[in-house]
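Written out below as structure tokens is the structure these notes cover.
The values are calculated or read from the model by the stated rules, or taken from the named source; none is laboratory data. The structure displayed is predicted, hence computed values, not measured ones. Positions of Cβ are generated from backbone atoms using ideal geometry, with glycine treated the same way; all protein chains shown enter the neighbour counts. Heavy atoms of the whole protein, side chains included, go into the accessibility calculation; ligands, DNA and RNA do not. Shrake-Rupley method; radii C 1.70, N 1.55, O 1.52, S 1.80 Å.
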Amino acid sequence: MDNKTKKKITSPKFFLIYVLALASILLAVVIFNGVMNTGNLQKIESTQNLDATSIPAGNQDQPSPTAEPTTNPDLPLSGLTVVIDAGHQENPPEGKESYMPWDESKTKAKNTHGTTGQFTGIEEYVVNLEIALKVRDTLQKQGATVVMTRDNHGTSLSNQERAGIANNSNAQIAISIHCNGSDNPNVSGAESYTRDKGDGTAEYKARSASDLALSQSLINSVCASTGAKNRGAKLSDAYTGINYSKIPFIILECGFMSNESEDRLLSTADYQQKIADGIYNFLKDNKSSII
């Protein structure tokens, strides 16, 4: 057909065709998005309907790594920060250090393995950590903030360094978990130690009296919980952790690993939990004076 026979498209018709084409394109886009969204919704619903068996076991009920622990102000120990020191360690640091800041010429070993169960063969540092971890868990459940000097057997700290952790922790009290030993297998019972005369100042004497009252309450509570013989609260200037700590620092000797009955008891989860419960009861009863 030649040019004379072609029909010209007027402007109104051209505009109508343009609008219809654009509308068709928009309609196609809307339909396509609707189909895709339906498919995605079905995928989401399908995922939500999976039962627990389809979730990898290691991911069930695991909090976010960045989640902060919540604090319940109604819990008995809320607002209390406690340092729990699991005494001794598998690989103690070599060398000696001063054990009293008022006379740094006097030194002793930075730390040691501790004693050994004469009937179980279990090392003291192992039992100390087992007890300390139960104490931590018990106190945290009751609202306390717990700072551990160590939570494994790989940590190697001197006793001055342990006192330093206590001093820098914003804690109100530190409790160091230990077990005892004696040449006499008939000796048994639990006891506690805290600061004695120290540098001889009136200020130190006042701290000693205050710490002794807490130490006596602690040993009474632990013995009431465990049924152990109460050997009382004792004063000493011989312990580095006590001497270098700026907060009340109580060494708790939970029992004698040289005594057959206590050696076996100290390695049982039930007895360890009784010790933890005794420490919790002490902190609950003395919270107002500690804070």
Notebook entry, point to check: What are the residues in the range 169-205 that are without any contact (Cβ under 8 Å) to a residue 40 or more places away in the chain and either within 17 Å of ALA233 (Cβ to Cβ) or among the hydroxyl-bearing types (Ser, Thr, Tyr) (or both), if any?
Noted result: THR201, TYR204, LYS205
Check: Failed condition for PRO73, given (1) in contact with a strand residue (DSSP E or B) (Cβ under 8 Å, 6 or more places away or on another chain); (2) at pLDDT below 95, with all others met?
Finding: (1)
Check: So CYS254 clears everything in (1) in contact with a Lys or Arg (Cβ under 8 Å, 6 or more places away or on another chain); (2) open to solvent by less than 10 Å² (accessible area, probe 1.4 Å); (3) not small (Gly, Ala, Ser) except one condition, right? Which one?
Finding: (1)
Next item on the list: Take the range 147-195 and flag every residue that is among the aliphatic types (A, V, I, L, M) and open to solvent by 20 Å² or more (accessible area, probe 1.4 Å).
Entry: VAL147, MET148, LEU157, ILE165, VAL187
Margin query: When the residues of the range 232-251 are narrowed to those that are surrounded by 24 or more Cβ atoms within 10 Å (Cβ to Cβ) and among the small types (Gly, Ala, Ser), which ends up nearest to ARG162 (Cα to Cα)?
Written below: GLY241
Note to self: Looking at ILE175, ILE165 in this structure, which one is under 23 Å from the mean Cα position of the chain (by Cα), aliphatic (A, V, I, L, M) and over 11 Å from ALA86 (Cα atoms)?
What the structure shows: ILE165
Note to self: under 24 Å from GLN118 (Cα atoms) and not in a strand (DSSP E or B): is that true of SER288 in this structure?
What the structure shows: no
Notebook entry, point to check: Restricting to the range 93-137, what's the tally of residues that are in contact (Cβ under 8 Å) with a residue 12 or more places away in the chain and more than 22 Å from the chain's Cα centre (by Cα)?
Noted result: 25
Margin query: So in the range 105-146, with the set limited to residues that are among the charged types (D, E, K, R) and in a helix (DSSP H, G or I), which one is surrounded by the most Cβ atoms within 10 Å (Cβ to Cβ)?
Written below: GLU124
Note to self: in a helix (DSSP H, G or I) and among the aliphatic types (A, V, I, L, M): which single residue out of ALA228, ALA209, ALA238 fits that description?
What the structure shows: ALA209
Note to self: Given (1) farther than 19 Å from SER192 by Cα; (2) out of contact with any strand residue (DSSP E or B) (no Cβ under 8 Å at 6 or more places or on another chain), identify the lone condition not met by GLN140.
What the structure shows: (2)
Next item on the list: Evaluate the range 266-279: report whether one residue or more is of a type in the set (Val, Ile, Thr), over 25 Å from SER158 (Cα atoms), open to solvent by 10 Å² or more (accessible area, probe 1.4 Å) and outside any loop (DSSP other than H, G, I, E, B).
Entry: no
Margin query: Looking at the range 202-221, can you tell me whether even one residue there is touching a helix residue (DSSP H, G or I) at 6+ places or on another chain (Cβ under 6 Å), surrounded by fewer than 23 Cβ atoms within 10 Å (Cβ to Cβ) and not hydroxyl-bearing (Ser, Thr, Tyr)?
Written below: no
